[in-house]
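Student: This is the structure I want to talk about, given as structure tokens.
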Amino acid sequence: MSRTGLLVVAAAAVIAATPLHAENVLLKKWTGPYGGVPPFDKVKVSDFKPGLEAAMAENLKEIDAIAKNPATPDFDNTIAALERAGKPFERVSTIYGVFRNTMSSDDFQKVETEMAPKLAAFNDRIVQNKALFERIAAVYDAREASGLTPEQKRLVWLDYTTFVRAGARLEGAARQRVAEINQRLASLFTKFSQNLLADEKDYVLYLEKEADLAGLPGGVREGAAQAAEARGHKGQWAILNTRSSMEPFLTYSDRRDLREKVWRTYYSRCNNGDAKDNNATISEILKLRAERANLLGYPTHAHWRLEDSMAKTPERAMELMEAVWKPAVARVREEVADMQAVADTEAAGGGAKVTIEPWDYRYYAEKVRKARYDLDQNIVTPYLQLDKMREAIFWNAGQLFGLQFKPATGVPVVHLDVRVWEVTDAAGKHVGLWYFDPYARPGKQSGAWMNAYRSQSKFDGVVTTIVSNNANFVKGKPGEPVLISWDDALTMFHEFGHALHGLSSSVNYPSLSGTKVARDYVEFPSQLLEHWVSVPEVLNRFALHYQTGKPIPKELVEKIDRASKFNQGFITVEYLAGALVDMKLHLAATADTTIDPQAFERETLAALGMPKEIVMRHRTTQFSHIFSSDSYSAGYYSYLWSDTLSADAWEAFVEAGGPYDKAVAKRLLDNVFSTGNTIDPAEDYRNFRGRDPGIAALMRKRGFQTAEPQTGGKTSAR
Ligand SMILES: [Zn+2]
């Protein structure tokens, strides 16, 4: 999630001056209710290329006019003018992004392959516009003496820093080379993503016999039957090569041979030595990123990326990761011992002898969960209906921030599964729209995410926001409720936390609004929201059994609570291994050495003492966070950084006496959710909490031993 439009995408080739096509729906102002809505129903894939080209040309003209303005540079004629510019481009690229993430057909992928380097070149033409940069620099130099508000000063700083960091000060060959690198990277990112999408789509395990389903609960079987039917294999069961298909299979299947098969297929994505293998692409990406960082004056890509984060340096991010790594690995040893004991008992009872392997972890963890906490996920799931959990996130937002939700009518959607709600404040005033695209489908990227279709602002008249949440739930039979797992419910609250961050935004300038904050701060609001899934106020109202309508029993909730620290070794290590490899890759890469991603992954994990029973949550060839764009590169640590904040922030509610304490909720809204990027995140947090965050709350949340006693001032994550 970076700043959209203007300053983010970049590049240099000459773009043909395509005339504005009055016919192209992508270029038109959004019309209809709520200040206009995206015309998803009228978009054709063939509109994208001419639409993007015309919008880029138009935007460059606007930029040129700002750069050539004869008046002395000031905030309004330069910085605010940039905020006003590029609206058609933002509209086109928003819809283009929605197609890329959720409707990626073969036709669309052809357009994407062609447009990615052109979009990169376009962005570079803006950031390398000398006259424009000189004006921004002039406003920046005069910022303290020009009577600007703190928010305006922050925006000036952001524009200036963004331009400098993108190479605005470079000259001649270096300048040209950065633009070339950006275009080449854009193509490589596209290739990486398309390969991954293809490997997820092309490998499907069809199960033909009832015996192959041993251990799978009803919901998982039905989902697999639907998936098979949708692929022309009626009467069989399809296990897709996606996380939402793989995880339940590995958790429940009694068939160790099939678990191993599913595991190997999933964790080999784009590492099969075929046309979709991503290894060479990764090597080239790493090399180019290192070269670009050097040209921009940084020792490594990691140093460049971290500079404008809350952590500021790779060293500080590493310090936090290393503090958590050892206790997490120690917990894994305990978890494996517990699982091995279950396996040994089974073997003694006549079962096969099993030494825990990676494809056994989720399966035996589930058995330990049942034995130790008497908690069976299959007993929890019937209480978690997708629709009810959606009502729960609405209700929770009402309790915390006074927001209200009602279905919006007459709003076009990109697919019939998508539904839209209008969001109002306590007084009934319109706040924004929330789109929800819940189900998996071919051409939709896996996982869950939030997206902003329009940013909130008020400097130039009130513009309300449009946000969306996207997930990959397996659609059930028509008319039957979709039951989700506890983890899925957490994910829903998480993604809705991002949406709420967008919806609560109350800033003047669009570039500072909502979730456009530092990468290692953006997951803080979303991870904080996860805490409300398990509060009794939510569960008693919304965790209702799909058949009896009865709320989830108190004893079951207590079991869930007791089990909340369960498996944290696995969860933390599979994540942290990825975060460490990401950072180490980007610290190690240089412009003139070729890194072999497989060897690097293997050697780095061995040096860290990675438990052999676990693999990285996203192995290198599948690590979209860091190789499908720059956004989370050298930044996967952000989730841990943000969780340090969220654990600490949640304790503010606990200390105040409850999850709906009015004073804490108001402080949270005023200092975190509504402020966007108008304030430095460390200061934002201090205003909310009254102090800097510490690591102790995180360790308590995950049930880890802290290496050293925590004192008030000691903190690894300011
Ligand atoms: Zn998130």
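Student: Give the residues of region 290-321 that are crowded, with 19+ Cβ neighbours inside 10 Å, in contact with an Asp or Glu (Cβ under 8 Å, 6 or more places away or on another chain) and either within 22 Å of ALA186 (Cα to Cα) or among the basic types (Lys, Arg) (or both), sorted by residue number.
Tutor: ARG305
Student: Now, a different point. Mind listing whichever residues of region 375-423 are among the small types (Gly, Ala, Ser) and in a loop (DSSP other than H, G, I, E, B)?
Tutor: Listed by number, the residues that qualify are GLY402, ALA408, GLY410.
Student: Given the criteria open to solvent by 20 Å² or more (accessible area, probe 1.4 Å), more than 23 Å from the chain's Cα centre (by Cα) and either within 16 Å of the ligand (Cβ to nearest atom) or over 22 Å from THR515 (Cα atoms) (or both), does PRO481 qualify?
Tutor: Answer is yes for this residue.
Here is a yes/no grid of residues against (1) of a type in the set (Val, Ile, Thr); (2) under 23 Å from SER511 (Cα atoms); (3) at pLDDT 95 or above:
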| residue | (1), (2), (3) |
| --- | --- |
| ALA116 | no, yes, no |
| ALA121 | no, yes, no |
| PHE133 | no, yes, yes |
| VAL139 | yes, yes, yes |
| LYS153 | no, yes, yes |
| ALA174 | no, no, yes |
| ASN195 | no, no, yes |
| GLU200 | no, no, no |
| GLN226 | no, no, no |
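Student: Let me ask something else. Just one of TYR363, TYR435 is away from the ligand (no atom under 16 Å from the Cβ), touching an Asp or Glu at 6+ places or on another chain (Cβ under 9 Å) and of a type in the set (Ser, Thr, Tyr); which is it?
Tutor: TYR363
Student: Here is a further query. Identify all residues within region 515-547 that are open to solvent by 30 Å² or more (accessible area, probe 1.4 Å), within 17 Å of PRO659 (Cβ to Cβ) and either assigned to a loop (DSSP other than H, G, I, E, B) or within 11 Å of the ligand (Cβ to nearest atom) (or both); write none if there are none.
Tutor: GLU530
Student: Filter region 162-180 for residues that are buried (at least 20 other Cβ atoms within 10 Å of the Cβ) and among the hydrophobic types (A, V, I, L, M, F, W, C); which is nearest to ARG292 (Cα to Cα)?
Tutor: By that ranking, first place goes to VAL178.
Student: State which residue pairs qualify: first residue under 24 Å from PRO314 (Cβ atoms) and hydrophobic (A, V, I, L, M, F, W, C) and inside region 520-543, second residue assigned to a helix (DSSP H, G or I) and near the ligand (Cβ under 10 Å from one of its atoms) in any location, beta carbons under 6 Å apart, and separation of 6 or more residues or different chains.
Tutor: Every condition considered, the pairs that remain are PHE524/SER642.
Student: Further question: Those residues that are within 16 Å of the ligand (Cβ to nearest atom), over 28 Å from THR548 (Cα atoms) and not polar (S, T, N, Q), I need them from region 456-478; list them, please.
Tutor: Residue satisfying the conditions is VAL467 alone.
Student: Further question on the same structure: Determine whether ASP64 is of a type outside the set (Gly, Ala, Ser), at pLDDT 95 or above, open to solvent by 20 Å² or more (accessible area, probe 1.4 Å) and touching a helix residue (DSSP H, G or I) at 6+ places or on another chain (Cβ under 9 Å).
Tutor: Taking the combined requirement at face value, the residue satisfies it.
Student: Could you list, in sequence order, all residues of region 620-640 that are free of Cβ contacts under 8 Å to residues at least 60 places away in the same chain and surrounded by fewer than 24 Cβ atoms within 10 Å (Cβ to Cβ)?
Tutor: Within region 620-640, HIS625 is the sole residue that qualifies.
Student: While we're looking at this one, here's another question. Can you tell me which residues in region 438-453 are within 16 Å of the ligand (Cβ to nearest atom) and part of a strand (DSSP E or B)? Spell out the reasoning first.
Tutor: The initial filter retains those residues of region 438-453 that are within 16 Å of the ligand (Cβ to nearest atom), namely 445-452.
Passing the criteria: TRP449, MET450, ASN451, ALA452.
Student: For region 548-568: of the residues being part of a loop (DSSP other than H, G, I, E, B) and β-branched (Val, Ile, Thr), which is nearest to LYS370 (Cα to Cα)?
Tutor: Let us first name the residues in region 548-568 that are part of a loop (DSSP other than H, G, I, E, B), namely 548-550, 552-553, 566-567.
Within this subset, residues satisfying the condition of being β-branched (Val, Ile, Thr) are 548, 552.
On the way: THR548: 23, ILE552: 17 Å.
My answer is ILE552.
Student: So how many residues does region 485-506 have that are surrounded by fewer than 24 Cβ atoms within 10 Å (Cβ to Cβ) and away from the ligand (no atom under 16 Å from the Cβ)?
Tutor: Of the residues in that region, 3 qualify.
Student: Among what's in region 364-395 and is open to solvent by 20 Å² or more (accessible area, probe 1.4 Å) and among the aromatic types (Phe, Trp, Tyr), pick the residue that is farthest from VAL557 (Cα to Cα).
Tutor: Among those residues, the one meeting the criterion is PHE394.
Student: Can you tell me which residue in region 611-656 is nearest to SER268 (Cα to Cα), limited to those that are acidic (Asp, Glu) and not in a loop (DSSP other than H, G, I, E, B)?
Tutor: ASP643
Student: Consider VAL380 against the criteria (1) in contact with a helix residue (DSSP H, G or I) (Cβ under 6 Å, 6 or more places away or on another chain); (2) at pLDDT 95 or above: it satisfies all of them except one. Which criterion is unmet?
Tutor: Checking VAL380 against (1) in contact with a helix residue (DSSP H, G or I) (Cβ under 6 Å, 6 or more places away or on another chain); (2) at pLDDT 95 or above, the one that fails is (2).
Student: Which residues, taken from region 30-65, are free of Cβ contacts under 8 Å to residues at least 40 places away in the same chain and assigned to a loop (DSSP other than H, G, I, E, B)?
Tutor: Within region 30-65, THR31, GLY36, LYS44 meet the criteria.
Student: Criterion first (more than 16 Å from the ligand (Cβ to nearest atom) and aliphatic (A, V, I, L, M)) does VAL420 satisfy it?
Tutor: On the way: more than 16 Å from the ligand (Cβ to nearest atom): yes; aliphatic (A, V, I, L, M): yes.
When the stated conditions are applied, VAL420 passes them.
Student: Still on this model: Looking only at region 99-146, count how many residues are open to solvent by 20 Å² or more (accessible area, probe 1.4 Å) and in contact with a strand residue (DSSP E or B) (Cβ under 9 Å, 6 or more places away or on another chain).
Tutor: Residues flagged as open to solvent by 20 Å² or more (accessible area, probe 1.4 Å) and in contact with a strand residue (DSSP E or B) (Cβ under 9 Å, 6 or more places away or on another chain) within region 99-146 amount to 1.
This table checks each residue for (1) under 14 Å from the mean Cα position of the chain (by Cα); (2) within 16 Å of the ligand (Cβ to nearest atom).
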position	(1), (2)
ALA589	no, no
THR594	no, no
GLN598	no, no
ILE614	no, no
THR621	no, no
HIS625	yes, yes
ALA634	no, no
ALA649	no, yes
PHE653	no, no
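Student: Take the residues in region 654-689 that are among the aliphatic types (A, V, I, L, M) and without any contact (Cβ under 8 Å) to a residue 40 or more places away in the chain; name whichever of them is farthest from ILE393 (Cα to Cα). It would help to see each step written out before you state the result.
Tutor: Our first condition is that a residue be among the aliphatic types (A, V, I, L, M); within region 654-689, this holds for 654, 656, 663-665, 668-669, 672, 679, 682.
In the following step, the residues that additionally are without any contact (Cβ under 8 Å) to a residue 40 or more places away in the chain were identified as 654, 656, 663-664.
Working: VAL654: 20, ALA656: 22, ALA663: 20, VAL664: 19 Å.
Only one residue fits best here, namely ALA656.
The values are calculated or read from the model by the stated rules, or taken from the named source; none is laboratory data. Since we're looking at a predicted model, the values are computed, not measured. Backbone-built Cβ (ideal geometry, glycine too); neighbour counts: all protein chains shown. These area figures cover heavy atoms from the full protein model, side chains too; ligands, DNA and RNA do not enter into them. Shrake-Rupley method; radii C 1.70, N 1.55, O 1.52, S 1.80 Å.
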